[in-house]
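This report refers to the structure that appears directly beneath it.
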Amino acid sequence: MNTPVLVADIGGTHIRLALSTHASAPLQGVSIWRCADFEHPLAAFRCYLAQLASKGAPLPRVICLAVAAPVQDDHIRMTNNHWHFSRMALASALQLPVMVLNDFEAQAWCLLHPEQLTLRWINPAQPVAHWPRALRTVAGPGTGFGAASLTPGGEVISAEPGHIAFAPLNQQDLSVLQQLWRWFPRVTVEHMISGPGIANTYCALANQAGQPMTPDTSPNSAEIVSMAEHSVLAADTLRCFSRWLGAVCGDLALAKGSTGGFFLSGALLAKLGRHFDQSAFLQAFTNKATFSHWCSAIPVAYVEDEWPGLTGCAMYTHHHPNLIHDAGPLHG
């Protein structure tokens, strides 16, 4: 199928857009814009379509979106930014069929062909050809925290693990949690393992060190990463982040049965660079008491592809050509 598809990945901070003409073809015309610069996603799409037209690029016949939000209903309300929209109204305004996936649901479609991904192994690599026919999971932090899984039968199952309650594993975790309870009535995984979560943790550790501050006055995650070279507090924050990410991902692997592989994704990990402590991550991922050996056998890799959400949307659309004909602009 060579139908031009506009693919978009809408997160809490950025919208990424591109044109896809075939599942295995490179994405064309990738643009990354701040969601805050547009009052409504319709404005962003119109701007991108005008950009395509000005360059003489083929115009899309369908749009596939990956959004960091639940997608069960027609009305989509972004979890971590001000955007909300109706899929049917968006389709009507653009006069194009619109399909909507959860952002990690889209990324899970990339796991159909993991051999095509650029992977950096955290747990020792196992040849893709020898992997068991088993469930695979992709997860990662950004403005929030998300995950989805690909079943052996090729079905993608999305979830909202970022909103699970955070579970402390030692006294330090408990003291950080108790500090965060002063600011948030229910502390979730996203409050700890995300860009804002890095700031929350830094703020909690600062208070424990006698440096009073609140999440509103804390440095942001980028500032904390830049401080980590010379600040013990910032370095401790990122070590906690790495360990907690490993613990949560290991729990997800247990809950889902992700014996086919666990894949980390997200630009936030790339921004951490060497301050993402892979050793602390893996130790926490596998530290599961009687199931430590079970988790140790799971291949774990970081997805280094730049736009897995866009690639997943393209793969989903081109693998479901009937959806283009079924999803008219004015109906679901």
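Details
- The residues in the stretch 271-293 that are assigned to a helix (DSSP H, G or I) and either surrounded by 21 or more Cβ atoms within 10 Å (Cβ to Cβ) or touching a residue at least 24 places away in the same chain (Cβ under 8 Å) (or both) can be counted, and the count is 13.
- Meets criteria (open to solvent by 20 Å² or more (accessible area, probe 1.4 Å), of a type in the set (A, V, I, L, M, F, W, C) and part of a helix (DSSP H, G or I)) for residue 245: no
- Scanning the stretch 82-113 for residues that are among the polar types (S, T, N, Q) and under 14 Å from residue 310 (Cβ atoms) yields a single hit, 107.
- Output for the stretch 138-165, where each listed residue is outside any strand (DSSP E or B), open to solvent by 20 Å² or more (accessible area, probe 1.4 Å) and under 19 Å from residue 187 (Cβ atoms): 142, 143, 160, 163, 164
- Members of the stretch 1-41 found to be open to solvent by less than 20 Å² (accessible area, probe 1.4 Å) and assigned to a helix (DSSP H, G or I), listed by number: 35, 41
- Scanning the stretch 42-87 for residues that are surrounded by fewer than 17 Cβ atoms within 10 Å (Cβ to Cβ) and in a helix (DSSP H, G or I) yields a total of 8.
- Within the option set 168, 124, being assigned to a loop (DSSP other than H, G, I, E, B), touching a Leu at 6+ places or on another chain (Cβ under 8 Å) and open to solvent by 20 Å² or more (accessible area, probe 1.4 Å) holds for one residue only, 168.
- Just so you know, in the stretch 211-230 the residues that are open to solvent by 60 Å² or more (accessible area, probe 1.4 Å) and small (Gly, Ala, Ser) include one that is nearest to the chain's Cα centre (by Cα), and it is 222.
- The residues on offer are 238, 254, 233, 268, and the sole one that is of a type outside the set (Val, Ile, Thr), open to solvent by 40 Å² or more (accessible area, probe 1.4 Å) and touching a residue at least 12 places away in the same chain (Cβ under 8 Å) is 254.
- Residue check, residue 193 surrounded by 13 or more Cβ atoms within 10 Å (Cβ to Cβ) and in a loop (DSSP other than H, G, I, E, B): yes
The values are calculated or read from the model by the stated rules, or taken from the named source; none is laboratory data. Since the model is a prediction, treat every value here as computed from it, not as a measurement. All Cβ positions, even for glycine, are placed from backbone atoms using ideal geometry, and neighbour counts span all protein chains on display. Each accessible area value is taken on the protein alone, full model and side chains, heavy atoms only, with ligands, DNA and RNA left out. Shrake-Rupley method; radii C 1.70, N 1.55, O 1.52, S 1.80 Å.
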